[in-house]
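Student: This structure is in structure tokens; I'll ask about it shortly.
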Amino acid sequence: MLEIRGITKLFGGLAALREVSALVEREKIFGLIGPNGAGKTTLFNVITGFYRPTQGEIIYNSKNITGLKPFEVATIGIGRTYQQNNLFYEFTVERNIFLASHMRPKSGIVEDLVGTSSAKKKREVIEHKIEEILTLLELTSFRNELAKNLPHGFQRMLGIGIALATEPELLLLDEPFSGMNAAETESMMGHIKRIHKEKSIGVLLVEHDMKAVMGLCERIIVLNFGEKIAEGSAEEIRENPIVIEAYLGVEDVVQY
């Protein structure tokens, strides 16, 4: 589904990424882990068009998408969330998802103003999609709540709802469990599994919560100082001595 080919990203003389390659399959939930500054978010930004790689290619569904602008990447089916909540805080939950739904289906300005049957039909499709997302993420009871008034865990959930409104085939989640307590983390894990299974959406996530990563991801890629140092199943990563030394720590890895 997604092929990362030899991606290098230089900022001046600093290599944030150095010849990183990986394959992401739709059938599995993938995790991307590593210490702070390892290059995880930089790789997300390269995939989604915020950064152009110094060298290497991004292949999505057999097409070279290297250098596409962020809105173009979103249009072809790659959605993402961010480390910080990226919401319209003064708008309701429903309105936030509605605004993100403008990409699909599209209608012309004249159609919308005049209120043609085509525009009305597209509006119905969008309304159905919003209802589906609210139900999937258990946000229905919050639909009329302002985003700024949501508990933190539900704000993170709304961020995923906004990404889902763009109808992605691949979803990139940047630290989805950030700032969550144990109950919120457990709930979010269940929702990500449901999105992956019920919607057949590929998932690649960056996360520091190792219990969540080990319990959720079927395949894990490890970065350190901008280089890929390991890839494998949760069990393989847990027992990899290079990963233990570079990131997990001998004491930490035992509990996962």
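Student: Determine whether E198 is in contact (Cβ under 8 Å) with a residue 60 or more places away in the chain, crowded, with 19+ Cβ neighbours inside 10 Å and under 23 Å from G79 (Cβ atoms).
Tutor: no
Student: Every residue in region 63-96 that is of a type in the set (A, V, I, L, M) and surrounded by fewer than 18 Cβ atoms within 10 Å (Cβ to Cβ), please.
Tutor: I76
Student: Further, regarding this structure: Which of the residues that make up region 27-38 are in contact with a helix residue (DSSP H, G or I) (Cβ under 7 Å, 6 or more places away or on another chain) and buried (at least 19 other Cβ atoms within 10 Å of the Cβ)?
Tutor: I29, G31, L32, I33, G34
Student: Starting from residues that are among the small types (G, A, S) and assigned to a loop (DSSP other than H, G, I, E, B), keep the ones in region 50-79 and report whichever is nearest to L10 (Cα to Cα).
Tutor: Filtering region 50-79 for residues that are among the small types (G, A, S) and assigned to a loop (DSSP other than H, G, I, E, B), the one nearest to L10 (Cα to Cα) comes out as G67.
Student: Here are E235, E167, E245, E184: which of them is at pLDDT below 95 and assigned to a loop (DSSP other than H, G, I, E, B)?
Tutor: Values: E235 fails: assigned to a loop (DSSP other than H, G, I, E, B); E245 fails: assigned to a loop (DSSP other than H, G, I, E, B); E184 fails: assigned to a loop (DSSP other than H, G, I, E, B).
Sole residue among the options that is at pLDDT below 95 and assigned to a loop (DSSP other than H, G, I, E, B): E167.
Student: Is it the case, given these coordinates, that T41 is over 18 Å from E175 (Cα atoms) and either in contact (Cβ under 8 Å) with a residue 60 or more places away in the chain or surrounded by 14 or more Cβ atoms within 10 Å (Cβ to Cβ) (or both)?
Tutor: When the stated conditions are applied, T41 does not pass them.
Student: Residue pairs, Cβ under 7 Å, 6 or more apart or interchain, first in region 97-108 and surrounded by 13 or more Cβ atoms within 10 Å (Cβ to Cβ), second at pLDDT below 85 and basic (K, R). List them.
Tutor: P105/K122; S107/K122
Student: Moving on. Name every residue in region 132-164 that is assigned to a loop (DSSP other than H, G, I, E, B) and of a type in the set (D, E), in order of residue number.
Tutor: Filtering region 132-164 for residues assigned to a loop (DSSP other than H, G, I, E, B) gives 137-139, 143-145, 150-151.
Residues satisfying the conditions are E138, E145.
Student: Then there is this: I'm told G215 meets every condition in (1) in contact (Cβ under 8 Å) with a residue 12 or more places away in the chain; (2) out of contact with any helix residue (DSSP H, G or I) (no Cβ under 7 Å at 6 or more places or on another chain) except one. Can you identify the failing condition by its number?
Tutor: (2)
Student: Across region 2-20, what is the number of residues that are under 14 Å from I58 (Cβ atoms) and crowded, with 19+ Cβ neighbours inside 10 Å?
Tutor: Qualifying residue count, region 2-20: 6.
Student: Moving on to the next point. What residue, of I221, I192, is closer than 21 Å to G34 by Cα and in a strand (DSSP E or B)?
Tutor: Details: I192 fails: in a strand (DSSP E or B).
Selected residue: I221, the only one of I221, I192 that is closer than 21 Å to G34 by Cα and in a strand (DSSP E or B).
Student: Further question: Any idea which residue in region 215-235 is surrounded by the fewest Cβ atoms within 10 Å (Cβ to Cβ), counting only those that are more than 17 Å from the chain's Cα centre (by Cα) and over 25 Å from G56 (Cβ atoms)?
Tutor: Top of the filtered list is E235.
Student: Then there's this: Mind counting the residues in region 175-187 that are more than 12 Å from L216 (Cβ to Cβ) and touching a helix residue (DSSP H, G or I) at 6+ places or on another chain (Cβ under 6 Å)?
Tutor: Of the residues in that region, 3 qualify.
Student: Hey, any hits in region 80-99 for a residue that's within 18 Å of the chain's Cα centre (by Cα), at pLDDT 85 or above and either in a helix (DSSP H, G or I) or farther than 21 Å from M157 by Cβ (or both)?
Tutor: Scanning region 80-99, I find at least one residue that is within 18 Å of the chain's Cα centre (by Cα), at pLDDT 85 or above and either in a helix (DSSP H, G or I) or farther than 21 Å from M157 by Cβ (or both), so the answer is yes.
The values are calculated or read from the model by the stated rules, or taken from the named source; none is laboratory data. This one's a predicted model, so the numbers in the text were calculated from it and none came from an experiment. Quick reminder, even Gly has a Cβ in these numbers, built from the backbone with ideal geometry, and neighbours come from all protein chains shown.
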